[in-house]
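Taken together, the values in this text are just the output of simple stated rules run on the coordinates, not laboratory data. Values in this document were obtained by computation on a predicted structure and should not be read as measured data. Counting neighbours? That spans all protein chains shown, and the Cβs are built from the backbone with ideal geometry, glycine included.
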Amino acid sequence: MIKLDKNHDPRKNAELVNTIRGECLNISEIIEETEELFQKYCKIAPPNGKGKSTPHTITESVFRLFSKHSHVLKPTRIVFDTAGNPCPDWKVVLDQEFIRLTEICLPEVHLTDYGAVGDGRTDCTAAFKNALGNGRVKVLVPEGVFVTKGIQMPSWSILSGAGKGLTTIKLHEDAAKSQRLVTNAHHWKGNHHIFIHSLSLDWNVERLGNVKKTSTFGNHSSCLTFANVTYGWVKDVEAINPGLHCFDISSTQYNYAGDGFRARGSSKYVWFDQLTGYGFGDDGITTHHSDYIFITNSHMCDPSGRAHRKGFSNSNGIEIDDGSRNVMLVNNSSARCFGGVEIKAHENSSAASNVIIIGHISVKDNRSFNFRHIGHHKSTDQESKSAFNIMAMNLVSIAPVFTDLYQESTPRSLVVSAYKNVVINHLSMIGDSHYDFKGNPIATIQYRARDVVLSNVSISNFHRASVGIKVFGGENKAESIQIINIKSDQSLQKMIDIGTGNERIHIQCSQEEHAK
């Protein structure tokens, strides 16, 4: 069975999806098909975000001082670049600004000219600071291990290494647990036009010893944090054993002012490409309260989970979290995480909205694809004002498993909870015929999810599962569900199970004798 360890080259993900499927799908046709399904079946209009609400807790009251009303933006359109790769329509803005960045940062300086020594021992903090100065510069970092107590990138700056594993920037032994290895200089005022590429970032978690928790709070304790950054690029970068996140696209601060609100100081127009990360205490790549984010050809695997209490580690490969809007993921992968891709929000925050996934391989994650707004699931909960609009296509879930990261969580290839307007098209769910799935369903649509479409789904090798797709009923039932063209081998006792009291459920599959 495929493993995808920390040395996996994520540039091969698009080709690998085709190999696993045993067929080469036409991406442009899949995108067109998915968009047509969304237009046909996803009819619920998001609220405008202008309504008033009373804070439920003191925490929400405090965070509202640093928040603003949120609404669901006009969705991203999928277009194709000159090489034929799918990308968001707003990428043209990023491309134009990148040209400006390279023109302004023509002056090149060598880090070693400022006293840096890549011996893995010498403190190079001052060398990085002096080389970067006030920006408008490209800093070249040669092969070696360069130790620092933290790097703060000014606007109009480029940090360029010799390649992953060749150039390593490592956090100093005396650095605090809260320290970010690389971040932008001004989280409150904001920064713009920053590019980091071709290097490894080692957070040096070993310096903390055997602590119970490897992170502090908020967007601290990570390898790379963009907080309040407009126009940012990170390419061909490896992140090693961070206390919290490998890569974090964030607002100035995380914000928990309640559903319908989001943080001020958001990041926007950021592209992460060809990133790898492992050993993360929480998530590999995460986004919070940020807009127009593009994540491509990246691989996250094998979290430590040590930012959480043991056995309760919500450590995801890629997490699109609180208040994130218009995020597009293309040809990424994850392995042995809690969630492969989790699109979500906490109860006291707005959910991520307008998220597109094109191509993802999940290997032995507990929940390959997990879409939820926590605390807005039950009939007695307030209905989510923000959990809207997901299109996901060309997905592969391989052997979801029980995990010590989150010991009480049952494995799933797919979970949709509380979200409205969701289309999943061309999903392959491939089990391990020898693994004890303990009679659990493989995919679930539940907890007040509405206007959800599952189309062109294949299921195989789940010999010890109860059902392929379960649509939950009862007081917290899912509604308005379309299940179209579902195929399975003979490993399942039942392909589809519809709970009691469900309404507007339409099933069209090749083996309807398995459906109830």
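The table below lists the values:
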read-out: Fraction of the pair-distance distribution of region 264-309 above 15 Å, Cα-Cα pairs, percent; value: 53
read-out: q = 0.23, 0.25 Å⁻¹, region 286-375: log10 I(q)/I(0) [Debye, one scatterer per Cα]; value: -1.17, -1.30
read-out: Value of D in µm² per second that Stokes-Einstein yields for region 443-509, Kirkwood Rh from Cα pairs, at 4 °C (1.567 mPa s); value: 108
read-out: For region 18-61, convex hull of alpha carbons as volume per residue, Å³; value: 181
read-out: Extent along principal axes [Cα atoms of region 36-150; Å; largest to smallest]; value: 59, 49, 26
read-out: D (Stokes-Einstein, µm²/s), Kirkwood Cα radius, region 333-438, 0.890 mPa s at 25 °C; value: 173
read-out: Tensor-based shape of region 88-210 (alpha-carbon gyration tensor, a/c under 1.5 rounded, otherwise prolate or oblate); value: prolate
read-out: 12 Å beta-carbon shell around H187, net charge (K/R +1, D/E -1); value: +2
read-out: Trypsin sites (Lys or Arg not before Pro) lying in DSSP loop within region 21-72, provided at most 10 other Cβ fall within 10 Å; value: K50, K52
read-out: Region 221-306 - convex hull of alpha carbons, volume per residue in Å³; value: 87
read-out: If the convex hull is drawn through the Cα atoms of region 136-262, its volume per residue in Å³; value: 104
read-out: Dimensionless Rg ratio for region 1-75, taking C-alpha atoms and the 2.2 N^0.38 Å reference; value: 1.91
read-out: 25 °C / 0.890 mPa s Stokes-Einstein diffusion coefficient of region 395-444, Kirkwood radius on C-alpha pairs, µm²/s; value: 201
read-out: Binned Cα-Cα distance frequencies in the chain - 20 Å width, integer %; value: 24, 57, 18, 1
read-out: Cut-off 20 Å (backbone N to label point 7 Å along Cα→Cβ of V401), residues of region 257-301; value: 277-284, 299-301
read-out: Tail fraction, Cα-Cα pairs, region 379-499, threshold 23 Å, whole percent; value: 30
